[in-house]
Amino acid sequence: MWLAHALTLSRIPIAIALWSTYGDPARSLALVALAALTDAADGNVARFMQRRGHTAPAIGGWLDPLVDKLFVAIVLALVWLRAGEPLVVVLVGARELLFLPLAALYAARRPTLGELHADPIGKAATIAQFVALAVVLAAPAWALPAAVTAAALGLAAVAHYASRVLRPPP
């Protein structure tokens, strides 16, 4: 499981490295693509390891989404400070801004139900967010359309999760 967790955690130094590649579209795009690959690979590695009996430490269910949010926050801070694009930052980060209170509510209402697993709309929103970050860094002229798309999918994912969280506990 440690390999899966290392892949997850690798997104933090990748996000920090983006600070040194800002303004170089090819290198920035390569780093965002690498981060997206680690996001896709960590879950596959974890499932592979679980099938072989390796289950400890079982922290991926909360570590992966936490690191995803941290990656997004670091990159959006970069965009805010270097490009001064508050609308793009808010749109790309909309899912995170709305999802965090929802996750806290879920944890408070359903502490024994375990993780709130990603589903297809959540995965699509994550992909759209990674694509939007890549576009913002590599092709800023297209940042707003990419950010709007990420926001739309992100808000749809939040609405979907909200419908699950706000149901009365069993």
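Please treat every number below as a calculation from the coordinates, not as lab data. These figures come from a predicted structure and were not determined experimentally. All Cβ positions, even for glycine, are placed from backbone atoms using ideal geometry, and neighbour counts span all protein chains on display.
Report the calculated FRET efficiency for A41 and A77 (r = Cβ-Cβ distance, R0 = 30 Å), to the nearest 0.05.
Details: r = 25 Å, r/R0 = 0.84.
So, using R0 = 30 Å, E works out to roughly 0.75.
In a fully extended conformation the segment linking A30 and L70 would gain 12.5 nm over its present Cα-Cα distance, using 0.36 nm per residue. Between I121 and I16, the contour length at 0.36 nm per residue exceeds the Cα-Cα span by 35.0 nm. Under the convention that each Lys and Arg Cβ holds +1 and each Asp and Glu Cβ holds -1, the size of the dipole of the chain around its Cα centre is about 420 debye. Report summary: the helix-based calculation at 222 nm, which adds -39500 (n - 2.57) for every DSSP H run with n ≥ 4 and divides by the residues of the chain, gives -27500 deg cm²/dmol. Residues in the range 153-158 carry Karplus couplings, in order, of 5, x, 5, 5, 5, 4 Hz; the curve used is 6.51 cos²θ - 1.76 cosθ + 1.60 with θ = phi - 60°, and Gly or Pro positions show x.
How do 123-134, 12-23 rank on mean C-beta neighbours within 10 Å, highest first?
Ranked by mean Cβ neighbours within 10 Å, highest first: 123-134, 12-23.
If the chain linking W2 and A159 were pulled fully straight, counting 0.36 nm for each residue of separation and taking away their Cα-Cα distance, it would gain 53.2 nm. Here the contact order of the chain, divided by its residue count and restricted to Cα pairs under 8 Å and six or more residues apart, works out to 28 percent. Among A134, S163, P86, which residue has its Cα positioned farthest towards the positive end of the charge dipole of the range 2-165, with +1 placed on the Cβ of Lys and Arg, -1 on the Cβ of Asp and Glu, and the dipole taken about the Cα centre? Working it through, the farthest residue towards the positive pole turns out to be S163. Taking only the alpha carbons of the range 2-165, we obtain Rg and Dmax values of 16.0, 48 Å in that order. Once backbone amide H atoms are built at 1.01 Å from N, S10 has no partners under 5 Å, excluding neighbours fewer than 5 places away on the same chain. Think of the range 2-165 as a dipole: +1 on every Lys or Arg Cβ, -1 on every Asp or Glu Cβ, centred on the Cα centre; then among A77, V45, L153, V45 lies furthest on the positive end.
Rounded to the nearest 10 degrees, what's the angle between the helix 60-83 long axis and the longest principal axis of the chain, both from Cα atoms, 0 to 90? Relative to the chain, helix 60-83 is tipped by roughly 20 degrees.
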